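Trainee: Mind looking over this structure? Questions follow.
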C-alpha cells in the first residue's frame, strides 16, 4: 500500500510538473514550477528503487536522504514565500526571506548536516529505517536528526502565530499573527 502511495505521488507530481512547463517557459509562476520540481524530486527520493540507485551513485552512505532533507527545506521555503506573497503579507515575507529566515534555514541545515555526519549511515536505507536499528550512537542521534529536519518553522512561527487574525469578530480575515481573534 505504501509503495502505491509513493509511486502515485511521484506520477502525479511528474504530470503536474509537465503541465506547468509551458507557463514556466513563458515566465509565469516560476515559483510554482520550482515548488513542483522540488516536490517531484522529493517524491522520487521517497521511492525505494530510485532512492537506492541515487544513493549508490552518491557512494552508498545515505547521502540521498540528506539531499532529500535539503530539498524539503527548499520546497518549504518556496511555499512559504509564495503563500506570504499570495496573502499580501509583506511582514511575513520579510520574516521568511530576511535575516531571521535565512538564519533559521542556516541553523537547521547545519544541525541536520552535523547530526548526519555524526551518524553511521553506511548502506542504503530509504527513510533511514535500518540506521536507527544499529543501536549505539545511531540510536541516540536518529531522533535528533529527525527533529533537526523539522526546525525551520519553529523559530519563525511559534504556536500562537498559527491562529488567524481577524479585525473584529465576524470580520474578514487579515492574515496570520498574534494570539488569536482580536
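The values are calculated or read from the model by the stated rules, or taken from the named source; none is laboratory data. As the structure is a computational prediction, the values presented were derived from the model and not from experiment. A quick note on method: Cβ atoms are made from the backbone with ideal geometry, for glycine too, and the neighbour counts reach across all protein chains shown.
Trainee: How do the pairs read when you match residues in segment 123-144 that are on the phi < 0 side of the Ramachandran plot and surrounded by 12 or more Cβ atoms within 10 Å (Cβ to Cβ) with residues anywhere that are modelled with pLDDT under 70 and not in a helix (DSSP H, G or I), using Cβ under 8 Å and keeping only pairs 6 or more apart or on different chains?
Mentor: Short answer, once both residue conditions are applied: 125/131; 138/131; 142/131.
Trainee: Residues of segment 19-32 being within 21 Å of the chain's Cα centre (by Cα) and under 24 Å from residue 5 (Cβ atoms), which ones?
Mentor: The answer is 20, 32.
Trainee: Something else about it: Output the residues belonging to segment 84-111 that are assigned to a loop (DSSP other than H, G, I, E, B) and surrounded by 15 or more Cβ atoms within 10 Å (Cβ to Cβ). Even if it seems obvious, please write down each step before you answer.
Mentor: Within segment 84-111, the subset assigned to a loop (DSSP other than H, G, I, E, B) is 87-89, 98.
If the condition is that a residue be assigned to a loop (DSSP other than H, G, I, E, B) and surrounded by 15 or more Cβ atoms within 10 Å (Cβ to Cβ), then 89 is the only one that fits.
Trainee: Consider segment 48-83. How many of its residues are crowded, with 16+ Cβ neighbours inside 10 Å and outside any helix (DSSP H, G or I)?
Mentor: 2
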